[in-house]
Amino acid sequence: MRAPIIEAMASRVSSPVLIGRARELDRLAATLGVAAEGRSNAVVVAGEAGIGKTRLVSDFADGARAEGATVLVGGCIDLGEGAVPYAPVIEAFRGFVRHADARQIDDVFGPNRGELSRLIPDLGPAGAGPEIRLSVGTGQGRLFELVLGVLDRMSRAAPVVFIVEDLHWSDRSTRDLLGFLVRNLRDARVALVLTYRSDELHRRHPLLPFVAELDRTGIVDRVLLTPFDARESAEQLRAIAGHDLPASLVESIHARSGGNAFFAEELLAASGEDCETDLPPTLRDVLLARITDLTESTQEFLRIASAAGQRVDPDLLAEAASLDEDALYEALRECVRRQILVPDPDADLERYAFRHALLQEAIYDDLLPGERTRLHSAFARTLERTSTDRESHAAELAFHWYAAHDLGRALAASVAAGADAEGRYAFPEAQAQYERAIELWDQVPDAEDRAGRDRIEMLADLAGVARFTDPGRAVAHIQTAIALVDRSVDPVRAALLSERLGRYAWIAGQGELAQRAYQAAVRDIPAEPPSPANARALAGLAQILMLGARFEESRTLAIQAMTMARSIGARDIEGHALNTGAMDRAMAGEIDE
């Protein structure tokens with residue numbers, strides 16, 4: 001079911017305002033300004049698929065029209081070997097002809113109308129005049145001169161913006177024509193805007209030499225669109241929805257989309273009531289289309305790599321999947337060349353990362369269930385066999401064993417990964433690992449042996465890290481732990497957990513529950529011998545009573561807590577009790593004391 005927060009945008013999945021491209025829009029506007037002064041110029045806009053090239057040039061085109069410019073728009077078409085020659089030129093001129101009156105058409109196309117009608121049928125039947133052939137040589141040169149003349153005459157009435165999109169799909173004839181126009185327009189009031197997908201340009205792509213030649217002219221500006229940062233992604237999603245969205249949803253979409261505007265739009269449109277976003281089938285198809293023209297061996301390499309996660313360790317892949325080293329690096333080179341994988345800048349060793357997390361997700365989702373299980377098991381066994389520092393790979397082991405459905409090993413690895421994360425003060429990650437262990441507990445017969453503790457202690461450890469990130473969940477976990485204690489057998493354990501419940505409930509803003517929990521702890525924890533738990537319970541209850549304006553009761557307990565803490569050297573608890581006692585005395589007017 002679609003979420004109510006998304007219903008308002010059901011008919012609109014793009015931002016109503018342009019986000020994060022003000023600088024790039026200014027550069028495009030500058031090209032129009034130069035053209036309006038009588039100097040033709042060109043700009044090339046590059047960026048990966050979905051990054052927002054079309055949206056940028058569309059907003060620029062709207063602004064140009066508002067300033068009185070004539071805007072021509074044409075796009076190249078992906079037809080493989082059967083590309084339509086001059087497709088963007090035909091589309092652009094056809095759009096002009098359909099909206100112009102007879103006089104404008106005569107002024108622009110003039111005596112060459114008959115010849116150009118072979119290229120643009122909308123001009124009407126071919127008239128008298130020399131026949132031209134759309135081939136390299138004299139005929140093509142004649143055509144280029146005719147197009148140049150049309151643009152020159154068109155620009156006399158108003159500046160012209162000629163936009164050609166998707167140049168990565170262009171045919172040779174179109175590229176030759178555009179190169180001719182860049183070099184020969186000169187004093188015409190024309191701004192050429194060309195776009196292409198940078199992630200399509202593999203080493204042998206025919207567009208590469210054309211772009212290099214444009215650079216050599218020295219008169220073509222280059223604009224490279226980069227992914228949105230976290231702030232820009234949040235602005236985009238808020239603009240689409242029309243209101244604020246849950247922070248967790250925004251963060252998830254930004255991470256998965258990698259700042260790609262189109263990917264983010266599709267993920268938001270697919271969001272459910274629980275703010276979980278499945279990969280939409282249309283987006284999955286778009287992503288998988290990127291690898292269909294790779295060699296079969298490279299596609300198989302990517303399927304294996306997708307099970308490893310977002311980052312790819314060549315040595316691990318070679319060991320786990322028994323890949324030939326030469327074949328592996330040949331596939332790796334092709335993936336890097338096609339910008340499917342990129343070198344991981346954060347890795348100390350040789351590692352690579354999927355350029356987009358969503359691409360890894362799409363390839364992984366396309367695996368058969370049996371393939372996933374086999375690959376994850378192979379990765380986990382390889383890590384256990386080859387790793388000299390298993391703690392540093394604990395999270396990876398937990399991930400792979402869980403995905404391989406080896407629940408016993410997954411539970412043990414999750415506990416180890418949680419402890420490692422907790423030791424690094426990475427409390428959200430520790431919470432996630434401990435919660436995974438609790439999730440698996442009833443499905444693993446020897447869970448206590450694998451975890452090295454019982455369920456009650458596991459829940460207490462989970463609550464201990466959850467208090468830093470989600471105090472409400474910490475309260476729930478510690479209450480579950482208390483409920484599992486047999487008070488007739490171990491009343492002290494229940495009391496010690498009650499003291500922790502008091503602390504966590506106070507952090508969660510649940511004052512009444514915190515007071516009841518501390519009262520239970522003070523009642524049930526033995527006063528002898530003095531212990532940190534008893535001192536902490538006394539200090540906690542004293543603080544709760546002080547904040548409730550029960551200063552005399554609080555003062556008595558604070559003194560007891562302070563005395564006990566001093567006797568056992570618990571300086572932190574002593575400080576807590578002194579602070580509470582000082583407030584009690586201050587409220588009684590004993591300021592000096």
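The values are calculated or read from the model by the stated rules, or taken from the named source; none is laboratory data. Owing to the predicted nature of the structure, the values given are computational and were not obtained by experimental measurement. Here the Cβ positions follow ideal geometry from the backbone for every residue, glycine too, while neighbour counts run over all protein chains shown. Only protein heavy atoms, including side chains, enter the accessible area calculation; ligands, DNA and RNA are left aside. Shrake-Rupley method; radii C 1.70, N 1.55, O 1.52, S 1.80 Å.
Magnitude of the charge dipole for the stretch 426-499, about its Cα centre and with charges confined to Cβ atoms of Lys, Arg (+1) and Asp, Glu (-1), is about 220 debye.
How large a share of the accessible area of the stretch 322-440, in percent, is made up of carbon and sulfur atoms when the probe is 1.4 Å and the other protein chains stay in place? Could you put the intermediate results ahead of the total?
Details: 2940 of 5960 Å².
Whole-percent figure for carbon plus sulfur exposure: 49.
Solvent exposure of the stretch 145-234 amounts to 42 Å² per residue of accessible area, where only protein heavy atoms count and the probe is 1.4 Å. The charge dipole of the stretch 204-273, taken about its Cα centre with unit charges on the Cβ of Lys, Arg, Asp and Glu (plus for the first two, minus for the last two), comes to roughly 280 debye.
Just order 185-197, 239-251 by mean Cβ neighbour count inside 10 Å, highest at the front, would you?
Values: 185-197: 22.6, 239-251: 15.3.
Ranking, from highest mean packing down: 185-197, 239-251.
Accessible surface area normalised per residue over the stretch 309-359 is 52 Å², counting heavy atoms of protein chains with a 1.4 Å rolling probe.
Would you mind putting 553-560, 21-28, 365-372, 163-170 in packing order, based on average other-beta-carbon counts within 10 Å, highest first?
Values: 553-560: 20.5, 21-28: 16.0, 365-372: 12.9, 163-170: 23.4.
Output ranking for 553-560, 21-28, 365-372, 163-170: 163-170, 553-560, 21-28, 365-372.
Charging the Cβ of each Asp and Glu at -1 and of each Lys and Arg at +1, and nothing else, the dipole of the chain about its Cα centre rounds to 1640 debye.
Within the chain, DSSP assigns beta bridges of which about 25% are antiparallel (rounded to the nearest 5).
Once C-alpha pairs closer than 8 Å and six or more residues apart are averaged by separation and normalised to the residue number of the stretch 392-503, the relative contact order reads 18 percent. Extension gain, residue 384 to residue 593: 0.36 nm times the residue separation minus the Cα-Cα distance gives 69.0 nm.
Pop out the carbon and sulfur fraction of the accessible area of the stretch 511-585 as a percent, whole number, probe 1.4 Å.
On the way: 2040 of 3680 Å².
Answer for the stretch 511-585 is 55 percent, counting heavy atoms of protein chains only.
Just to confirm, what accessible area per residue do you get for the stretch 435-593 at 1.4 Å probe, in whole Å²? That works out to 50 Å² for each residue. Each of 154, 227, 141 was scored by the projection of its Cα onto the charge dipole of the stretch 134-251, and the greatest displacement toward the positive side belongs to 141; charges sit on the C-beta of Lys, Arg, Asp and Glu.
Give me the extension gain from residue 469 to residue 105: residue separation times 0.36 nm, minus the current Cα-Cα distance, reported in nm with one decimal.
Working: separation 364, 0.36 × 364 = 131.04 nm, distance 6.80 nm.
Extra length from residue 469 to residue 105 when fully extended: 124.2 nm.
Our summary gives the chain a relative contact order of 10 percent, counting only alpha carbon pairs under 8 angstrom and 6 or more residues apart.
Place a point 7 Å from the Cα of residue 342 along the Cα-to-Cβ direction; which residues of the stretch 183-217 have their backbone N under 13 Å from it? Answer for the stretch 183-217: 198-200. For the stretch 195-261, state the average projected area of the convex hull of the C-alpha atoms over all orientations, rounded to one decimal in nm². Mean projected area for the stretch 195-261: 6.2 nm², to one decimal.
Counting every alpha-carbon pair across the stretch 433-503, the share separated by more than 17 Å comes to 41%. Taking all protein chains together, 492, 160, 17 sort by accessible area into 17, 492, 160, largest first [probe 1.4 Å].
Using a simple spin-label model with pseudo-atoms 7 Å out from Cα toward Cβ, residue 217 and residue 98 lie 2.8 nm apart. If you take the Cα centroid of the stretch 468-505 and the Cα centroid of the stretch 228-242, the two points sit 41 Å apart. Here's the picture: a label point sits 7 Å out from the Cα of residue 156 along the beta-carbon direction, and within the stretch 96-126 the residues with their amide nitrogen under 19 Å of it are 97, 100-116. Using a probe of 1.4 angstrom, how much of the accessible area of the stretch 191-301 is carbon and sulfur, in percent? Carbon and sulfur atoms account for 53 percent of the accessible area of the stretch 191-301.
Taking all Cα-Cα distances within the chain, those exceeding 46 Å account for 41%.
From the gyration tensor of the Cα coordinates in the stretch 229-326, what semi-axes in whole Å does the equivalent ellipsoid have, largest first, with each one equal to sqrt(5λ)? Working shown, then result.
Working: eigenvalues 219, 42, 25 Å².
After scaling each eigenvalue by five and taking roots: 33, 15, 11 Å.
Of 469, 63, 513, which is farthest along the charge dipole of the chain in the positive direction, counting Lys and Arg as +1 and Asp and Glu as -1 at C-beta? Towards the positive end, the residue furthest out is 63.
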